[in-house]
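This report refers to the structure that appears directly beneath it.
Nothing in this text is a laboratory measurement; each read-out follows from the coordinates by a stated rule. This one's a predicted model, so the numbers in the text were calculated from it and none came from an experiment. Methodologically, a virtual Cβ is constructed for each residue, glycine included, from the backbone with ideal geometry; neighbour enumeration extends over all protein chains shown.
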Amino acid sequence: MGVHRLNHAVLFVRDLETSVRFYTEVLGFTTVDMTPENFTGAAFLRAPDSTNDHDLGLFALGPAAQPSLAGRQTVGLYHLAWEVDTLADLATLADRLARVGALVGTADHGTTKSLYARDPDGLEFEVVWLVPAELLDDAAREARRRIRPLDLDAEIRRYGADTRGGVGISRVVAV
């Protein structure tokens, strides 16, 4: 099976309008008009610059829906990771997420630079920039063995705000 990327994810949410507003206004997704006739309580969204039909399906459960206990008391998906092109994009999203109280953490994984946030239902997601393979050095590869807080300003000084992120770095790192 030659899987090469995630095409879309589906999330169950309490309030569809609140979730659509969050993903469109904070993360820049756009709505895709593909909800089947005679079907309510769903929205389909595409990430900026995506070539997918849609990247996210949201299905409303209503206000009585209980919070997800995945990773705390039950098995389940921990998070999805959305990739951005540049560290400038990552910095912009860090500001937006912080402004709406959604940013819950950061991490420097050596070869990736990450933000962690929660949507209005408390579902966690990651926004990540990948160090381009040609800029990977032994220090970055070794840093994958430990997680540190992200110093975004230092990473921008090191790699440049507009340097495009890498693709497929896990294959390069594994060699």
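Remarks
- Computed over segment 1-133, relative contact order equals 22 percent, with contacts defined as Cα pairs under 8 Å that lie 6+ residues apart.
- Using the Cβ-Cβ distance between Ala88 and Asp33 with R0 set to 30 Å, the FRET efficiency works out to roughly 0.45.
- Highest-first arrangement of 21-30, 152-161, where packing means the average Cβ count within 10 Å: 21-30, 152-161
- The eigenvalues of the Cα gyration tensor, multiplied by 5 and square-rooted, give segment 80-174 an equivalent ellipsoid with semi-axes of 22, 14, 12 Å from largest to smallest.
- Whole-Hz Karplus values for segment 41-46 come out as x, 9, 9, 10, 10, 10 Hz, taken residue by residue from phi with 6.51 cos²θ - 1.76 cosθ + 1.60 and θ = phi - 60°; glycine and proline positions read x.
- On the beta carbon distance between Ala133 and His8, with R0 = 25 Å, the FRET formula returns roughly 0.40.
- Distance between the modelled labels on Arg158 and Asp53, one decimal in nanometres: 4.0 nm (7 Å Cα→Cβ projection).
- Over segment 1-159, the hull volume per residue, using the convex hull of the C-alpha atoms, is 155 Å³.
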